[in-house]
Amino acid sequence: MRGKGRTVASVLAETLSGRRGADSAAVAAALAEACGSRLAREVSCRGLLKDGRLLVLVSDEAWAEQLRALEQELCSRVNARLGRATARGLEVRVGAQRP
């Protein structure tokens, strides 16, 4: 939506956050929004681990370092978007983003 500062990721995160069975999609959308458009292109959220950390893949170590440095802020943004404390940290791995 032009002029309103809303991204597709923000709309998806908001829409999916309360729906049963849509948790992983809501978390991925919330993380994409939290990262911002440039970083979101380099990040692939693969889901939520049992300990509450988000499993995130990046293409190289430079992006991994960036995510680790922003971990607290990103998790706070994800949780704020979802309206609950879902993301307790990040498990950042370097590897292929697409299967």
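The values are calculated or read from the model by the stated rules, or taken from the named source; none is laboratory data. Since we're looking at a predicted model, the values are computed, not measured. Here the Cβ is made from the backbone with ideal geometry for all residues, glycine too, and neighbour counts use every protein chain on show.
Summary table below
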{"read-out": "Every residue from segment 31-69 that is of a type in the set (A, V, I, L, M, F, W, C), farther than 18 Å from residue 82 by Cβ and surrounded by 15 or more Cβ atoms within 10 Å (Cβ to Cβ)", "value": "39, 57, 58, 63, 64, 67"}
{"read-out": "Hey, residue 3 part of a loop (DSSP other than H, G, I, E, B), of a type outside the set (Phe, Trp, Tyr), at positive phi and modelled with pLDDT under 85 or not", "value": "yes"}
{"read-out": "Elements of type helices (runs of 4 or more DSSP H) contained in segment 33-99, each with 2 or more residues being acidic (Asp, Glu)", "value": "61-69, 71-82"}
{"read-out": "Any hit, segment 32-40, residues being touching a Phe, Trp or Tyr at 6+ places or on another chain (Cβ under 9 Å) and not hydroxyl-bearing (Ser, Thr, Tyr)", "value": "yes"}
{"read-out": "Condition met for residue 12 (surrounded by 13 or more Cβ atoms within 10 Å (Cβ to Cβ) and modelled with pLDDT of 85 or more)", "value": "no"}
